[in-house]
Amino acid sequence: MIFALVTHIVAGALALVSGVVAICARKGGALHRLSGRVFFVSMLIMATFAGYLAVTVPGQFVNLIISVFTAYLVTTAWMTVRRKSGAVGAPERIALVVSFCLCAPFVLLSFQLATGMTPFFKSAVSLTGPVLIAIYGFTAVIVSAAIADARVVLAGGVAGAPRIARHLWRMCLGLTLASGSAFTNGFARFLPGPYHVPLAFFLPQFVPLALLVFWMIRLRLGGWRPAPAAAT
């Protein structure tokens with residue numbers, strides 16, 4: 001378990017650094033592509049070991065779903081730019097199935113919490129306050145991702161600005177989840193006294209979201225252009 005925890009932490013730290021570089025670098029440039037690859041691989045490693053830890057530690061069902069969702073986000077973001085524009089294949093259909101499978105437990109959990117029913121699983125933390133808000137928000141994001149996957153499959157692919165937007169929001173949300181894991185679940189444990197998360201530790205999660213809004217607005221206004229591909 002120690003090896004899994006250390007690998008998870010190291011991969012997460014590398015993902016944070018490479019993700020910040022990728023989101024700030026010129027889109028389509030060599031630095032963006034390199035840092036994006038490092039971010040993608042690091043996030044997959046981090047999510048894999050997070051899932052393993054969630055299975056081996058009791059009461060971590062939500063973290064298991066989040067780890068799978070994180071891997072799903074960065075993988076579909078990566079596929080979006082690797083796939084030929086306006087094309088669709090088995091990976092997109094598999095992603096659609098995965099997103100709907102991820103939807104089911106969170107939609108059920110949100111319904112149970114909203115109606116006062118007993119959750120279908122035991123949690124190590126109380127599902128109230130900020131945690132409850134996070135669950136509702138997470139459910140909304142998963143549902144949105146599933147709907148987006150369905151639209152891509154039904155339309156036979158995605159091209160142009162929507163293709164770039166799909167890549168951007170999924171990568172940025174993956175970076176947001178990594179930031180949240182690092183600051184609210186990781187660094188907060190080193191604070192003296194009982195485990196608690198200061199309000200300031202939530203702020204880093206909003207940085208990639210703010211950058212996402214910036215790039216989406218720039219993309220919408222037509223002011224974004226990819227760097228020219230390197231000659232081969």
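The values are calculated or read from the model by the stated rules, or taken from the named source; none is laboratory data. Predicted model, so just to flag it, every value in this text is computed and none were measured. FYI the Cβ positions are ideal-geometry reconstructions off the backbone, even for glycines, and counts take in every protein chain you see. Ligands, DNA and RNA are stripped out before the accessible areas are found, and what is left, the full protein with its side chains, is counted by its heavy atoms. Shrake-Rupley method; radii C 1.70, N 1.55, O 1.52, S 1.80 Å.
Before moving on, here are some points about what is shown:
- Shape category assigned to the stretch 1-124 from the gyration tensor of Cα positions, a/c cut at 1.5: oblate
- Cα-based shape type of the stretch 105-160, given that a ≥ b ≥ c are square roots of the gyration tensor eigenvalues and the cut on a/c is 1.5: prolate
- Segment R218-A114, length gained on full extension (0.36 nm per residue, minus Cα span): 33.8 nm
- In order along the stretch 161-176, the Karplus-derived 3J(HN,Hα) couplings, from 6.51 cos²θ - 1.76 cosθ + 1.60 at θ = phi - 60°, round to 4, x, 5, 5, 4, 4, 5, 4, 5, 6, 5, 5, 5, x, 5, 4 Hz, and Gly and Pro are given as x.
- Rg/Rh for the stretch 75-142, where both radii come from Cα atoms and Rh is the Kirkwood radius: 1.14
- Extending 7 Å from the Cα toward the beta-carbon at both V207 and A134 defines two label points whose distance is 1.9 nm.
- Mean projected area (nm²) of the alpha-carbon convex hull when the chain is viewed from all directions: 14.1 nm²
- Subtracting the Cα-Cα distance of F3 and A161 from 0.36 nm times their residue separation leaves 52.7 nm of extension gain.
- Estimated FRET transfer efficiency (V41, I94; beta-carbon r; R0 25 Å; 0.05): 0.80
- Contact order for the stretch 1-143, expressed relative to its length and based on alpha carbon pairs under 8 Å spaced 6+ residues apart, stands at 19 percent.
- Within the accessible area of the chain (1.4 Å probe), percent carbon and sulfur: 75 percent
- Building the convex hull from the alpha-carbon atoms of the stretch 54-103 and averaging its projection over directions returns 3.9 nm².
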